[in-house]
Every structure is written in structure tokens, then in C-alpha cells.
Amino acid sequence: MKQRILHLIDDNNPGGVMRFLDFIKHSKTMSAAANHSEQFIKRGALSAPKFKADLIVSHLTVSWRNLPFFLALRAMNPVTPIVHFEHTYTLGFFTTYVTSPRRFKSLLRTSYALFDHVVAVSQAQARWLRGNTLVPARKLSVIKPCVDLSAFLSLTPRFRKPIKSVGAIGRLNAIKGFDILITAFKSADLSSIDLHIYGDGPERPTLEVLADNASNIYFHGHVDDPAVIMKNLDAVAMPSHFEPYGLVALEARAAGRPLLVSGIDGLQDHVDNGAGIVRSQSPEAWCHALQNLINTPDHGQVLRSRNIAAGAQGRFYQNWHALVGAMAKI
């Protein structure tokens, strides 16, 4: 009899978490071993039911507002293993947004203690969690999210020289750092290169004003098929201010597109596997890095990075089944 695995979510907007869950639900490999379902939980809920599941997986946001639900979830499901995937908090988030470090760490320790296991989505995030003793090492593992990469791996690597188009893909909010790219692309040094921005979000009006009708900057809104986006790009840039992992980076690597990232948080995992790094978040630094990429792309490095990305799904399956097996023994 297949296991029943229930995924709890509190945000069903298009994005990394929902794409990750779609991959889990529709993967033949995953569905062969278990039946996966999801349940939306309203943030701030005070009660939880007894769920009919063999394993509960939380993709919820840890917050003081959600803490009563975590307590109720544990109380109502005392013998069912509960795993939490940490999709949000990182060193970059902590240093940029947390104004009361002791209180924030207390929240994380209290919440994580209610779960049987916590999953970090990148090695960089796991180092931060361990380094601040937020999760005992025995209760922490790393499982990097994945999506179906077949459409990206089927694309021909883009080795155009010089590069003519760079893409920025994701929800348009301040954490993505797209304002840095727009400012860089407005300089004369990048005037012959097109910047294509894919996604929507609260920062779009501000970013459009910043672009000021520049002839080489294009806003495309949300596109359902990321592989179609990648097919038309020569390179991808991710100047994020914090990023737990970065599925777009994995997809760019699988597609054989040169990739530049800020190197913050989980993006460092991609640097370790072949992505280029920009060590400053200034538009000038990104302009300089993009000029180097445009004129001298390292095609050998791109291919090495693509080969590593090609094994991402296999590694995910292996790590997931190891987690499920360990939870079955609780």
C-alpha cells in the first residue's frame, strides 16, 4: 500500500514552492512510491485537524502568527512524523530584515522543535542553521528542490559571442534585486545588450519607472513555461539580496546558459557548481561582470555546470527517499 504524504502550504502563488510541489505530485518516480496531496492552511490559523497521512510535510512560513497552528498540528498528530522544509529563512534574510535577532532565533528554535525533522534547501542555508544552533544536527538534512529538467536539458547550449540578451526571471519584489540590473543596463556600456525581465509582482511599477522606457529593457510579465523563456535567452542574471536556493539558477544551468549570481545564500551552491559570481550588489559591479560575460563567456564552465545540473533529479529522488525511509522508522 502506498504511503500517504500530505504537503501543507500557506502560499499558492506561482513561484518556486508551487513549482517544486507540482514536480513532486506529477513525477512518475515520486508517485510510484506514495500518494502526494496538498492542503492550504490560512496563515494565523489557531487549530489543526488530525490529518489522515503517513507523513506530513510543512512548507509553511515560520512566524509568530503561525506558531499556534504548529502547536495544534503537533498536538493533534502526535504519532505522525512531521517534516518542515525551510523555504524562507537564510543568512541573507537574517542580516537584511531581522531587527530583533534574539527574538527571531527564539521563534525558529521553538517552531523547529515541534517537527521531527527540518530540511534545508541548500548547503549554505544548512550551514547557517547549524552555525546558529537553530536545529540539532541530527534533525537537519539538505534536500535541494527540483523541477522537471527535461525541457531545459533538451535545449542546445547557447554559445553566442558576443551575448546579445540577458534574462532576469522571478517575482518582481525587492529581494530579487532587479533594480540593480536595470540601472546597470541603462549605462552606455550595456546599451547594445537587451535585458528581458519575466515575472510580475508589487515592484513592477517601480521597476518600469526606473527603466524609464530604455530601448533595451523589456518587461514580459508572467510566462507559464520557463523553458520557452530560457530558449530565447543567451544568459541569465540573478542579483538576489537573499535566496534560499534558486530554481531559476538550476534551470539556467540545465539549459546550458551562462549564469551570473550574487552568490548570497543558496546561490553559493550554484557558484560551487559552475555559476559566475558578482561579489558586490552595486550596478557598477554588475555592469562590469556582464561586460566580461558578454565578451568572454567560459563555454567549458557552462558545459561542466550543465552536466552537474543534469543529475539534480536523481539526487533529489535519492535524498527524498532517504528522508521518507528515516521518518518511517520514527
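One line per residue, one yes/no per condition, for (1) surrounded by 14 or more Cβ atoms within 10 Å (Cβ to Cβ); (2) modelled with pLDDT of 95 or more:
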position: Val119; (1), (2): yes, yes
position: Ala137; (1), (2): no, no
position: Lys144; (1), (2): yes, yes
position: Ser165; (1), (2): yes, no
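Whenever a residue of region 270-294 is among the basic types (Lys, Arg), its partners that are at pLDDT below 90 and outside any helix (DSSP H, G or I), lying with C-beta atoms within less than 8 angstrom and at least six residues away or across chains, give the pairs Arg279/Gly263. Return the residue satisfying two criteria in turn: it lies in region 299-330 and is under 21 Å from Val236 (Cβ atoms) and without any contact (Cβ under 8 Å) to a residue 24 or more places away in the chain, and of such residues it is surrounded by the most Cβ atoms within 10 Å (Cβ to Cβ). Among them, the one singled out is Asn307.
Looking only at region 63-111, how many residues end up being among the aliphatic types (A, V, I, L, M) and closer than 26 Å to Leu247 by Cα? Steps first, answer last, please.
First, the residues of region 63-111 that are among the aliphatic types (A, V, I, L, M): 67, 71-73, 75-76, 79, 82-83, 91, 98, 107-108.
After this cut, where a residue has to be closer than 26 Å to Leu247 by Cα as well, the list is 82-83, 91, 98, 108.
Adding up the residues that qualify gives 5.
Taking (1) within 24 Å of Phe93 (Cα to Cα); (2) of a type in the set (A, V, I, L, M); (3) in contact with a helix residue (DSSP H, G or I) (Cβ under 6 Å, 6 or more places away or on another chain); (4) assigned to a helix (DSSP H, G or I) in turn, Ile264 satisfies each apart from (4). Please determine whether any residue of region 14-27 is touching a residue at least 40 places away in the same chain (Cβ under 8 Å), more than 22 Å from Met327 (Cα to Cα) and touching a Leu at 6+ places or on another chain (Cβ under 7 Å). Yes, region 14-27 contains at least one residue that is touching a residue at least 40 places away in the same chain (Cβ under 8 Å), more than 22 Å from Met327 (Cα to Cα) and touching a Leu at 6+ places or on another chain (Cβ under 7 Å).
Rundown of residues vs (1) assigned to a helix (DSSP H, G or I); (2) assigned by TED's automatic domain parsing to the domain that holds Ser191; (3) out of contact with any Lys or Arg (no Cβ under 9 Å at 6 or more places or on another chain), yes/no style:
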position	(1), (2), (3)
Asn273	no, yes, no
Gln301	yes, yes, yes
Tyr317	yes, no, yes
Ala322	yes, no, yes
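Among the residues of region 202-222, just one is part of a loop (DSSP other than H, G, I, E, B) and touching a Gly at 6+ places or on another chain (Cβ under 8 Å), namely His222. Here Asp234 clears all of (1) closer than 24 Å to Val121 by Cβ; (2) in contact with a Ser or Thr (Cβ under 8 Å, 6 or more places away or on another chain) except the condition numbered (1).
Taking Val118 as the residue in question, decide whether it is assigned to a strand (DSSP E or B), touching an Asp or Glu at 6+ places or on another chain (Cβ under 8 Å) and in the same structural domain as Leu290 (by TED's automatic domain parsing). Criteria not met by Val118. In region 248-284, of all residues being of a type in the set (Lys, Arg) and out of contact with any Pro (no Cβ under 9 Å at 6 or more places or on another chain), the one that is nearest to Gly199 (Cα to Cα) corresponds to Arg253.
Candidates in region 285-298 are the residues that are closer than 18 Å to Met230 by Cα and in contact with a helix residue (DSSP H, G or I) (Cβ under 9 Å, 6 or more places away or on another chain); of these, the one that is surrounded by the fewest Cβ atoms within 10 Å (Cβ to Cβ) is Ile294.
The values are calculated or read from the model by the stated rules, or taken from the named source; none is laboratory data. Predicted model, so just to flag it, every value in this text is computed and none were measured. Cβ sites come from the backbone with ideal geometry, for glycine too, and all protein chains shown count toward neighbours.
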